[in-house]
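Nothing in this text is a laboratory measurement; each read-out follows from the coordinates by a stated rule. Not measured: the values here are computed from a predicted model. Note that each Cβ is placed from the backbone with ideal geometry, even for glycine, and that neighbours are counted across all protein chains shown.
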Amino acid sequence: MTDFTLASARDALKAKKISSLELTTALVKAVEEARPLNAYVTETPEKALEMARASDTRLAKGEGGALEGLPLAIKDLFCTKGVRTTAGSNILGNYVPPYESTVTQNLWDAGAVMLGKTNMDEFAMGSSNETSAHGPVFNPWMAKNSNSKLVPGGSSGGSSAAVAANLCLAATGTDTGGSIRQPAAVTGTVGLKPTYGRCSRWGIVAFASSLDQAGPMTKTVRDAAILLKSMASIDPKDSTSVDIPVPDYEKLLEGGIKGLKVGIPKEYRMDGAPPEIAALWDKGAEWLKAQGAEIMEISLPHTKYALPTYYIVAPAEASSNLARYDGVRFGHRAKGVRDITSLYEKSRAEGFGLEVQRRILIGTYVLSAGYYDAYYARAQKLRTLIARDFTEVYKKCDVILTPATPGPAFAVGDKSDDPVAMYLNDVFTVTVNLAGLPGLAVPAGLTANGLPLGLQLIGKAFDEATILRAGLAIEQAAAFNHKPANWWRAA
Amino acid sequence: MSPTSSSTAAQIIKGQTGDWEIVIGMEVHAQVSSNSKLFSGASTEFGAEPNNQVSFVDAGMPGMLPVINEKCVEQAVRTGLGLKAKINLRSIFDRKNYFYPDLPQGYQISQFQNPIVGEGEVFIDLKDGSSVLVGIERLHLEQDAGKSLHDQSPDNSYVDLNRSGIALMEIVTKPHMRSSEEAAAFLRKLRAIVRYLGTCDGNMDEGSMRADVNVSVCKVGGYDKFRADGSFKHLGTRCEIKNVNSMRFVAQAVEYEARRQVEIIEGGGTIKQETRLFDSKLNETRSMRSKEEAHDYRYFPDPDLLPLELDAAWVETIKKSLPELPDEKRARFVAFGLTPYDASVLVAERELADYYEALAKGVDAKAAANWLNNEILGRLNRDSLTIADVPVSAAANNAIVTMVADGTISGKIAKDLLYIVWTEGGDPRQVVEARGLRQVTDTGAIDAAIEAVIAANPDKVEEVKAKPKLAAWFVGQVMKQTGGKANPGAVNAALKKRLNLPDEG
């Protein structure tokens, strides 16, 4: 029951082969049994069953939305009305929002069922889910002949683990520098970061406003198309939401990729990258070529500036976005303080984890008088150049194929003491956020150790349909049907 | 109008070492008249219970996003146009970052390098009837903060977020004011302009308008050098006096601050650039924080908002809808025949100017102005009322003044008539008819009254022949006899004729 995809469950519900209650009950049980993975921080079984019953009523009448009765996991960055929302941080404490994010509201309006809220790096700052105040999430995958626990990627690590371990049919994620695509790639799942402005940011706890974007994390490319269609909307409550109609992505999956021009950026061939990554990349190009695509080498000359640019822009925005967590109105408030300055200092020191504090400090620094021009202003110029690189190559090609990550999942604790090593996980993904483009991570193979690896397809702005179609081509060619062994139930 | 940019006499402070000039610039925060806040739908009404007009956005809740209120943008553009300023079709909202309990987001959304309105100008009207040009540097839109309440409990401070997120226009002048009178006159004129435009109610008591006043002093001549080459080195170090909330306090604060600075400099000290508070009870300014203690606001463009792009045609539409502003109205009133001073007084408030215009319709401008000043405003001032409280309509007053002009009633009856309609109401023309107040110009009636007075006072008739000046006594008696309704001119003429008095008598 829990191996259903969104598409297959939808069809089975429609054909009345199963009920949403049966499906939801099975998933609620799976979620409970998988607590050792720590994928969920808040389970909402009662709410799930209630929503499932309501869906069954509608389905019985032949009614219902595009996601009617389909159980989903929601990253804990989305504000959910009446359900605790922590953003993976102690500073929000037991914050219960009195409002529902636009994206999740869209999902409930489409009939989806909420299973709970998934774990994540604190304020989405991390690439391994180790910065969460709720503790790390464990990747359902383990390397061959090894018992060492691996990270599920981050920041949407709870969502990626939940999808990979069949603890939901699909999940929402958010992606500021790779937080959907990187965890998807290291868990053998599909992750799509839509074009900036495609999904509303209203009600999503902000990390870096000019980069944050919600997207689907699913078992298949088709599911990503289905889920994106319901998540996306034009939202007057988000000034950066873009007024372009949302197409039927699932329908647009058809048609193949004959004649599709696929760019291979030479700057993404990094020295010291594992040979398995390069080999997989080549294989991906061959698969696409075999289905009629035209492969061409392209150049994105400012790629090398992407990571430093990102680590100026994102912390700068974060330092300001996180100023509202001050212990005054909601969330954690330090005790035993006598004045307002110590209330701020103590509440924030206690409430924020070290990585978040590090980024607030970096962000505050790069915006400070005397440093602004040297850092923030230059980063903005570079951001323009990075975006222009893409504009140039899209005169020649339709999509860009790159590896999704520089390597497979690593062991818990391996990189947590070395921020720069951790930041390098996003080397292939951050450019896409800086340019505001859509990017899709698709599972494409296993390492010799049996760990999943993914490829990334980068598209033109608002052309999610084309990368989904190319992603489907890779998915079909790779015939990736591996699943992790269920070790957590025993644990 | 005789506008001059810098040639009016500066206020001179006589120090022990010589004469000093004052230089003043101002930053005025004017609350935009709008039903809802700058970036949220919460109400802006004054006087609500604390924290009753707060949206999730205003409270800085996680994940909440600002959405620009178009009405506020329109009001800023309207104000910019009223200040004869350049409207920037592209402007940017920035975040000004600092921590304070009444600032829920931890930043104020403001405009830093790219404001919505650029350079403009305001003519201020001085008591001697002259006008002085004060340059406007810029106008930008920003959010107001909430209010910290420290006096509700000995142990706790409270925060009222009703004001949080309300739209403010910050209007920054060039350092073009040179006396406390000019500073107060600027604020008065700016208030008149925004009230005419309907973009700010200008209620300083409610905090709708407040000024930060920058004051410096320099040796006589320094200012002219500054105006010649634009270099601030000719001016003294300035101090900013925060949140001054009345015209009178602005003048007092400038006076105090300038003298304080002169005393320090003459005593061998130097002025530190700092922010100061004006204490209206003690009539002094006090240090708030020095330049070194000033915040580093870490301004950067707000990524939640797109650059604000305005359509030139839209701006043009707003321009066409602007009302006549005080300066134009004043010029028109002067052309009617009013003195510049009278015209300035009348245009200071739009309601007053409108009232005057309705009152003056078809009658002599000067006579109408005198009637308004002497009879209406005098009475209002006595009762501490404003023009909005007048119980007699401008049209009714117009009827009274018209009746005086065409001889229907006498000037004295006019005053009585105003008193009647003021206290009892009614249409002046009907009251005149109903109570028989019509001026008697019928020579027969006047002659009869004269005969009656002569008959009763034969001795006076002899006296007046010897002393023609006594004719005035006769006029008075005849007026009394007619109940004040006789036309004094007609009485005078008839008396002279009857008593054979010389014309110059």
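From the phi of every residue in segment A:476-488, what ³J(HN,Hα) in whole Hz does the Karplus formula 6.51 cos²θ - 1.76 cosθ + 1.60 yield, where θ is phi - 60° and glycine or proline is x?
For segment A:476-488, the Karplus curve yields 5, 5, 6, 6, 6, 10, 7, 9, x, 5, 7, 9, 7 Hz.
Check cross-link reach from B:K37 to the lysines: straight Cα distance under 22 Å, and skip same-chain residues fewer than eight apart.
Filter leaves A:K237, B:K71, B:K96, B:K147.
Enumerate the amide H contacts of B:V159 below 5 Å, restricted to partners 5 or more residues apart or on another chain; note that Pro and chain-start residues carry no placed amide H.
Under 5 Å from the amide H of B:V159 lie the amide H atoms of B:L149, each far enough along the sequence or on another chain.
Checking the a/c ratio against 1.5 first, then a/b against b/c, what shape does the Cα gyration tensor give for segment B:357-434?
oblate
Within the set of other residues whose C-beta is less than 13 Å from the C-beta of B:E181, count the net charge using Lys and Arg as +1 and Asp and Glu as -1.
+1
How big is the gap, in Å, between the Cα center of segment B:249-267 and the Cα center of segment B:273-321?
24 Å
Straight distance only, please: which aspartates and glutamates reach the Cα of B:K281 with their own Cα at less than 20 Å, same-chain residues fewer than 8 apart left out?
List returned: B:D151, B:D205, B:E206, B:D212, B:E240, B:E255, B:E257.
Only counting other Cβ atoms within 10 Å, I'd like B:H140, B:H295, B:H150 sorted with the fewest neighbours first.
Sorted ascending by nearby Cβ count, the order is B:H150, B:H295, B:H140.
Given H placed on each backbone N at 1.01 Å, which residues far from A:T42 in sequence or on other chains put an amide H within less than 5 Å of it?
The list, which skips near neighbours in sequence, is A:K117.
Over what distance in Å are the Cα centres of segment A:83-103 and segment A:419-482 separated?
Cα centroid of segment A:83-103 versus Cα centroid of segment A:419-482: 29 Å apart.
Per residue of segment B:345-351, in order, report the coupling 6.51 cos²θ - 1.76 cosθ + 1.60 (Karplus, θ = phi - 60°) as ³J(HN,Hα) in whole Hz, putting x for Gly and Pro.
4, 5, 8, 4, 10, 4, 4
Could you give me the ³J(HN,Hα) list for segment A:187-202, computed from phi with Karplus coefficients 6.51, -1.76, 1.60 and θ = phi - 60°, whole Hz, x at Gly and Pro?
With the stated coefficients, segment A:187-202 comes to 10, x, 10, 9, x, 10, 9, x, 4, 4, x, 6, 10, 5, 8, 5 Hz.
So what's the net charge close to B:A396: Lys and Arg +1, Asp and Glu -1, counting the other residues with Cβ under 11 Å from its Cβ?
Result for the local shell: 0.
Give, rounded to the nearest 20 debye, the magnitude of the charge dipole that segment B:12-311 has about its Cα centre when Lys and Arg contribute +1 at Cβ and Asp and Glu contribute -1 at Cβ.
With Lys and Arg at +1 and Asp and Glu at -1, about 720 debye.
Which of the pairs A:K219/A:K483; A:K304/A:K381; A:K251/A:K483; B:K86/B:K319; B:K84/B:K233 have their Cα atoms more than 18 Å apart in this structure?
Long pairs (Cα-Cα over 18 Å): A:K251/A:K483; B:K84/B:K233.
Counting Lys +1, Arg +1, Asp -1, Glu -1, what net charge surrounds A:L13 among other residues with beta carbon under 9 Å of its beta carbon?
+1
Would you mind ranking A:M142, B:M169, A:M270 by Cβ crowding within 10 Å, fewest neighbours first?
The fewest-first ordering by Cβ neighbours comes to A:M270, A:M142, B:M169.
Please give the average number of partner chain Cβ atoms lying within 10 Å of the Cβ of each residue in B:187-198, rounded to a whole number.
Neighbouring Cβ atoms belonging to other protein chains average 0 per residue here.
Using a/c under 1.5 as the rounded threshold, could you call chain B rounded, prolate or oblate? The axes a ≥ b ≥ c are square roots of the C-alpha gyration tensor eigenvalues, and prolate needs a/b larger than b/c, oblate otherwise.
prolate
What is the distance in Å between the Cα centres of segment B:432-505 and segment B:357-374?
30 Å
Sort B:R238, B:R332 so the one with the fewest other Cβ atoms within 10 Å of its own Cβ comes first.
Fewest-to-most Cβ neighbours within 10 Å comes out as B:R332, B:R238.
Using alpha carbons only, how many degrees (0 to 90, rounded to 10) separate the axis of helix B:471-481 from the longest principal axis of chain B?
Tilt of helix B:471-481: around 90 degrees.
In peptide A:311-320, how many Cβ atoms from other protein chains are near each Cβ within 10 Å, on average?
3
Where does chain A land on Rg/Rh, using Cα atoms and the Kirkwood Rh?
Rg/Rh: 0.95.
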